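Participant: The structure under discussion is supplied below as structure tokens; questions concerning it will follow.
The values are calculated or read from the model by the stated rules, or taken from the named source; none is laboratory data. Keep in mind that this is a model prediction, so the values were computed, not measured. So basically every Cβ, Gly included, is an ideal-geometry build from the backbone, and we count neighbours across all protein chains shown. Ligands, DNA and RNA are excluded from the accessible area calculation, which covers all protein heavy atoms including side chains. Shrake-Rupley method; radii C 1.70, N 1.55, O 1.52, S 1.80 Å.
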Amino acid sequence: MCGIVGYIGTNDSKEILLKGLEKLEYRGYDSAGIAVLNEDGVKVFKEKGRIADLRNIVDESVLASVGIGHTRWATHGIPSTTNAHPHQSTTERFTLVHNGVIENYEHLKEDYLSDVAFRSETDTEVIVQLVEKFVNEGLSVQEAFQKTLKLLEGSYAIALLDREDKDVIYVAKNKSPLLVGLGEGFNVVASDAMAMLQVTKQFVEIMDKEMVIVTRDEVTIYTLDGEKVERKPFIAQIDASDIEKGTYPHYMIKEIEEQPAVIRKIIQEYRNDNGELTIDPTIIEAVQEADRIYIIAAGTSYHAGLVGKELLEKVANIPTEVHVASEFGYNMPLLSKKPLFIFISQSGETADSRAVLVRVKELGYKTLTITNVPGSTLSREADYTLLLHAGPEIAVASTKAYTAQIAVLAILAEVTAKSKDVVTDYQLDVAHELGIIAQAMDELCDAKDEFEQIARDYLAFTRNCFFIGRALDYAVVQEAALKLKEISYIQAEGFAGGELKHGTIALIEDGTPVIVISTQKNVNLSIRGNAKEVLARGANVCIVSMKGLEMNGDRYVIPEVHELLTPLISVVPMQYIAYYAALHRGCDVDKPRNLAKSVTVE
Ligand code: AGP
């Protein structure tokens, strides 16, 4: 969702800010803006639409070595140039960008700013107006900023410019991600290290309820009570090339095709010197001690959790529930006596998941985050973290993070089972099986033309599509439907094969595409029975099965892999099908409408 950048140094800031914003595009946005400050004052450029539209209106002749920038994903007020950030105070002395939601902004308006004429519909404008009000009342800018921050309820990452002082950017954070990047003679601010890898790899983490004074040569962190905080910088472990598309037309297809390498990397990262899979013993102890695991996640990560449940129950013998974070937060079920909470999140920033994490920590329960982003909020705040090692995922549609999440959950299940000598019907040599899977993924990537043809044959002109599966395949069809709908805007639903006849089958008409996944031996015949039911009602049926279970007429047969790990393979054709369907319909594959990569509001 919204992203912020800032630069204070000796070079002209415009291009650094614009390039930084381009790197944040993946987060999702509908307007963007920058403000730059020089001896002539502040110049603000903002525009609805893409960064490319913003570039068109930026005045090249304005040179300024200080600036802030923003991509906005509308929450309060429609996407428009007026509501786009930066926002300015009444006298235009203060200019501010903000990521997050100020929950008490209406009260603040009433209590402090009743005489102010607001220009936008945003919650953000309140912040900049409060700073100006408190400065007018006699406080220094730092004091006014601090006083304002203490009044705010909700989430924020903020960068603020003062027209009267070209040597400082005021920065603050609560719940929304923010880093300060360090350079020689310059410093930068960014929601995500990727935005500023162009100038530095050295960053300092900012914690919730901290305020930072950023000058060209210094970064000083304070608590909201004014106490100085010392914090060591870290080196971002991402390569600038990891976040480039290279020769690929879109990030999504690049990330689909990175999956075999990601699986191999995970095996390597979780293997010890003896070649055995290993996980920090304190994590394994926490899993073993739990009488029930609660997996909390959203979207694709939730779908990975559905597969994780099967793995943890069948391999490690631990009862496991999977919950959608946004529901669990407000409607908690009766918990077991010794629960362990596992948060699955590619970004580690999803606000719905974080809200649950905060709540269960208050209740004193142990928490583990499985994430792709070291140092992310969910990783920092949970007791333990397992990393996905998938490399940056830029496309809004999650692909390699899904398969990495399942692979890491499989390793967790196996290591837990081995360390408590659990014997179930499912003995897994995960490292070996993942090796087979990486190979099978390579084969599927080589067959992408076939999936492009499926997309053409079944999805070119349809307005809806159904995916059906049973058992583990039911988990995958839900992910397949999400992938298709989010990037191609085809209305897609993933159903349990046996459930269709209880209502949804009424929607099947002549030519309705129904994509069937069949990789589970015990339900192979029954899902094919369900396929026949829709075929008899005119559906255009496409069956994707697995070697050993294939039958005449199957459209594609995926290589055979361990029956508990088939989602790692069967999802790949579905990702390609969604990609090509979106491409053929002329959709913006990497940046689908209305969506954001990190959903940082509840
Ligand atoms: C998947 O393609 C989505 N864009 C979305 O559902 C995503 O998985 C969800 O928002 C959760 O994000 P997270 O994994 O970063 O927590």
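Participant: In square nanometres, what is one fourth of the surface area of the convex hull spanned by the alpha carbons of segment 291-375?
Facilitator: On the way: hull surface 21.0 nm².
Mean orientational projected area (segment 291-375, Cα hull): 5.2 nm².
Participant: Rounded, prolate or oblate, given the Cα gyration tensor of segment 30-177, with a/c below 1.5 counting as rounded?
Facilitator: Judged from the Cα gyration tensor, segment 30-177 comes out oblate (a/c at least 1.5, b/c at or above a/b).
Participant: Rounded to the nearest 20 Debye, what is the dipole magnitude of segment 90-222 about its Cα centre when Lys and Arg each give +1 and Asp and Glu each give -1 at the C-beta? Walk me through the numbers before you get to the answer.
Facilitator: On the way: 13 positive and 24 negative charges, 57 e Å.
Once rounded to the nearest 20, the dipole reads 280 debye.
Participant: Once the dipole of segment 30-94 is set up with Lys and Arg at +1 and Asp and Glu at -1 on Cβ about the Cα centre, which of ALA32, ILE57, HIS76 lies farthest towards its positive end?
Facilitator: Of the candidates, HIS76 comes out farthest on the positive side.
Participant: Of all the C-alpha pairs in segment 542-602, what % are more than 17 Å from each other?
Facilitator: Percentage above 17 Å: 57.
Participant: What is the packing order of peptides 3-13, 357-367, 252-262, taking the mean over residues of other C-beta atoms within 10 Å and listing the highest first?
Facilitator: 3-13, 252-262, 357-367
Participant: On the protein heavy atoms, probe 1.4 angstrom, tell me the percent of accessible surface of the chain carried by carbon and sulfur.
Facilitator: 46
Participant: What size of dipole, in debye to the nearest 20, comes out for the chain about its Cα centre when the only charges are +1 on Lys and Arg C-beta atoms and -1 on Asp and Glu C-beta atoms?
Facilitator: Working: 61 positive and 88 negative charges, 182 e Å.
So the dipole magnitude of the chain works out to roughly 880 debye.
Participant: Leaving out ligands and nucleic acids, and using a 1.4 Å probe, what accessible area per residue does the chain come to in Å²? Intermediate values should be presented prior to the final figure.
Facilitator: On the way: 23300 Å² over 602 residues.
Per-residue accessible area for the chain comes out at 39 Å².
Participant: List the residues, sorted by chain then number, that are 5 or more residues from LYS366 or on another chain and whose placed amide H is less than 5 Å from its amide H.
Facilitator: PHE341
Participant: Helix-derived [θ] at 222 nm for the chain: sum -39500 (n - 2.57) over DSSP H runs of at least 4, divide by residue count, nearest 500?
Facilitator: That calculation yields -10500 deg cm²/dmol at 222 nm.
Participant: What are the residues whose amide H is under 5 Å from the amide H of SER518, where those residues sit 5 or more places off or on another chain and H is modelled from the backbone?
Facilitator: Distant-sequence amide H within range of SER518: VAL544, SER545, MET546.
Participant: If you don't mind, there's one more thing I want to ask. Can you order the peptides 111-117, 580-586 by their average number of other Cβ atoms within 10 Å per residue, highest first?
Facilitator: Answer by packing, highest mean first, reads 580-586, 111-117.
Participant: Sticking with this structure for a sec: So if R0 is 56 Å, what FRET efficiency would THR223 and PHE461 give, r being the distance between their Cβ atoms, rounded to the nearest 0.05?
Facilitator: Computed FRET efficiency for THR223 and PHE461: 0.45.
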